[in-house]
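I have placed the structure first, in the form of structure tokens, so that the comments after it can refer back to it.
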Amino acid sequence: MSDQEDDIILAELSDDELVLQMHDDLYDGLKDEITEGVNILLGRKWTPYDVLTKALVEGMRIVGIDFRDGILFVPEVLLAANAMKAGMAILKPLLAETGAPRLGRMVIGTVKGDIHDIGKNLVTMMMEGAGFEVTDLGINNPVENYIGALEAQETDILGMSALLTTTMPYMKVVIDTMVEKGMRDDYIVLVGGAPLNEEFAKAIGADSYCRDAAVAVETAKALIAKKHNQMHA
Ligand code: B1M
């Protein structure tokens, strides 16, 4: 870090400057600075959602570009991910604090072979904030984990996350297994992750593709309401 960077006092920056600085700090994997930045923005009455999307998610998007282009490597991206998680940990209770009524239960996990969990964690946070109970299976889940969790307790929604083109086909393995076991129609299946799209979701037999965590919440609410209406029709 240069002397000049040492001199930056985050609390003295304007909102716009601070957000740009946080993108840099996330890029550099500076956990303490990200924690401080999140707290400053919250202190300035930013909503937790705006802090999450404008400071953290946007910062990680920039990291992703340089990772793709071979400018950043796995160890650096891991540091960025840890810094992002430190920021998310502050926002998590605030996003869950809505007092929303219980809307349903979801099981979510990242598929086998895939260890990316930031997006899934974000979906979990937003779903909990919207009033869903969420069982998070973590990363690298074989089909047995999903089926076991669905069978263990009454669940409305299965959510799967995949960030790699090599792991996204595994979602079909899970859905096909649900079909074989005659349980597919008992659940709403939502899928998400950067390489997916609506077409893919349709092709593997999911109910919907969710572009981001906010869309996951809206889609879950809409499909739950539809299911309830059908049941009471
Ligand atoms: Co990885 N990685 N990575 N990585 N990594 C990507 C995904 C990649 C696109 C980077 C790149 O090249 N530009 C690329 C995949 C290329 C491809 O397959 N097309 C890639 C690669 C290649 C790899 C490795 C193979 C690298 C290597 O080892 N050589 C390796 C694979 C490891 C494995 O999984 N087996 C690897 C490793 C890692 C780290 C461990 C270093 C780290 C993960 C840390 C962690 O998650 N704890 C990492 C990271 C951080 C990334 C990038 C930079 C950022 C991902 C992220 O957290 N984004 C990523 C680049 C990118 O995506 N542009 C990249 C922020 C997050 C908020 O967004 O996850 O998209 P996202 O989630 C969004 C939506 O997608 C959606 O909502 C979320 C919130 O809005 N969503 C859902 C996600 N899941 C959902 C589930 C739902 C609904 C919505 O269910 C209902």
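Could you pull out the residue among 125, 160 that is in a helix (DSSP H, G or I), within 17 Å of the chain's Cα centre (by Cα) and either at pLDDT below 95 or within 12 Å of the ligand (Cβ to nearest atom) (or both)?
Only one candidate passes the filter, namely 125.
So which of 17, 12, 97, 36 is away from the ligand (no atom under 13 Å from the Cβ), over 30 Å from residue 173 (Cα atoms), open to solvent by 80 Å² or more (accessible area, probe 1.4 Å) and modelled with pLDDT under 95?
After ruling out the rest, the residue left standing is 97.
Being surrounded by fewer than 20 Cβ atoms within 10 Å (Cβ to Cβ) and closer than 23 Å to residue 214 by Cα is a condition met by at least one residue of the range 64-76.
Matching residues to (1) buried (at least 19 other Cβ atoms within 10 Å of the Cβ); (2) at pLDDT below 95:
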{"position": "149", "(1), (2)": "no, no"}
{"position": "153", "(1), (2)": "no, yes"}
{"position": "170", "(1), (2)": "yes, no"}
{"position": "184", "(1), (2)": "no, no"}
{"position": "190", "(1), (2)": "yes, no"}
{"position": "194", "(1), (2)": "no, no"}
{"position": "197", "(1), (2)": "no, no"}
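Just one of the numbered conditions (1) closer than 15 Å to residue 156 by Cβ; (2) in a strand (DSSP E or B) is not true of residue 228: (2).
In the range 66-86, the qualifying residues are those that are part of a helix (DSSP H, G or I) and within 14 Å of residue 24 (Cβ to Cβ), and the one that is farthest from the ligand (Cβ to nearest atom) is 83. Once the range 105-147 is narrowed to residues that are polar (S, T, N, Q) and open to solvent by 30 Å² or more (accessible area, probe 1.4 Å), the residue that is nearest to residue 228 (Cα to Cα) is 135.
The values are calculated or read from the model by the stated rules, or taken from the named source; none is laboratory data. All values derive from a computational prediction rather than experimental measurement. A quick note on method: Cβ atoms are made from the backbone with ideal geometry, for glycine too, and the neighbour counts reach across all protein chains shown. Heavy atoms of the whole protein, side chains included, go into the accessibility calculation; ligands, DNA and RNA do not. Shrake-Rupley method; radii C 1.70, N 1.55, O 1.52, S 1.80 Å.
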